[in-house]
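Values in this text are rule-based calculations from the coordinates and carry no lab data. Bear in mind the structure is a predicted one, so any value in this text is a computation, not a measurement. Note that each Cβ is placed from the backbone with ideal geometry, even for glycine, and that neighbours are counted across all protein chains shown.
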Amino acid sequence: MKNTNKRGAGVVFDFNGTLFWDTEYQERSWDTYLAKWGVELTKEEKLEHIHGRNGKDTFEYIFKRALDSDEVARLTEEKEVFYREECERQEVALAPGALSLLAHLKAAGTPIAIATASGRTNVEYFIRKFDLLSYFEREHIVYNDGSIRGKPNPDLFLLAMERLGVLNRDTVVFEDSYSGILAAENADAGNIIIVNSNNEKYEPFPYKTIRHFDEVDRTGDLTPPFAR
């Protein structure tokens with residue numbers, strides 16, 4: 001799938017682990033939730049089947065059976081209550097340098113979006129907690145509504161690009177998870193920047209890796225044509 005709109009360069013951010021460094025909160029809330037159900041997953045299983053995936057894929061893997069949309073919604077919200085409680089126990093903030101970059105992009109008139117595997121209740125929580133509508137149009141915050149295939153499928157990124165009206169090759173994607181990076185590749189994003197928020201190893205990928213958004217070259221990394 002290719003976008004045919006032409007509005008110049010655009011930027012799409014993953015949220016969890018990218019704009020919001022919440023991996024430890026996610027891990028603790030998942031551990032609490034899995035323990036409630038008597039389920040144990042390895043780190044590798046979490047990387048493959050939880051992080052960046054949609055709820056249906058994740059919970060069907062956990063419970064080893066097909067689930068309908070109502071059950072997925074119920075299980076997702078059950079888990080996310082633990083997650084939001086974990087966040088409320090912390091002094092949370094957006095990632096280092098994120099606000100400065102977002103302000104720069106807004107001032108430059110660059111179309112920006114979020115493409116997250118989070119569900120609606122968490123997205124509404126993030127919007128309130130971080131005042132996201134000061135930077136993003138609501139329709140440019142794309143999330144898992146239960147009808148979109150999860151990463152590594154490209155659907156979330158493609159929908160974000162479509163709403164921004166930008167071409168795939170003119171889009172920069174910021175991601176932290178393996179499945180998200182693969183999704184950005186599958187969406188034919190022109191440039192991918194890896195946000196290493198959790199000291200992971202990204203040797204399989206040839207992309208620039210940052211630990212602070214001030215490391216982004218605003219005249220190079222964000223200006224097409226991009227080199228992949």
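For this structure, a couple of remarks:
- Distance histogram for the range 23-88 (every C-alpha pair counted, 10 angstrom bins, percent rounded to whole numbers): 21, 60, 19, 0
- Across VAL92, VAL11, VAL216, mean-square fluctuation computed from a Gaussian network of the chain (C-alpha pairs under 10 Å connected) peaks at VAL92.
- The chain: mean projected area of Cα convex hull, nm²: 11.8
- Per-residue ellipticity at 222 nm computed for the chain from its helices equals -12000 deg cm²/dmol, with DSSP H segments shorter than 4 residues left out and the rest contributing -39,500 (n - 2.57).
- Most to least packed among 20-33, 59-72, 168-181 [average Cβ atoms within 10 Å]: 168-181, 20-33, 59-72
- For the cross-link pairs LYS43/LYS129; LYS43/LYS208; LYS46/LYS106; LYS151/LYS208; LYS36/LYS106; LYS36/LYS208, the ones whose C-alpha atoms lie over 32 Å apart are LYS46/LYS106; LYS36/LYS106; LYS36/LYS208.
- C-alpha center-to-center spacing [the range 63-80, the range 179-228] in angstrom: 32
- Integer Hz, Karplus 6.51/-1.76/1.60 couplings in order for the range 65-80, x for Gly and Pro: 7, 6, 10, 7, 5, 5, 5, 4, 4, 5, 5, 4, 5, 4, 6, 5
- Positive-end residue of PHE63, LEU41, LEU132, charge dipole of the chain with Cβ unit charges: LEU132
- Counting neighbouring Cβ atoms within 10 Å and putting the fewest first, the residues LEU159, LEU19 line up as LEU159, LEU19.
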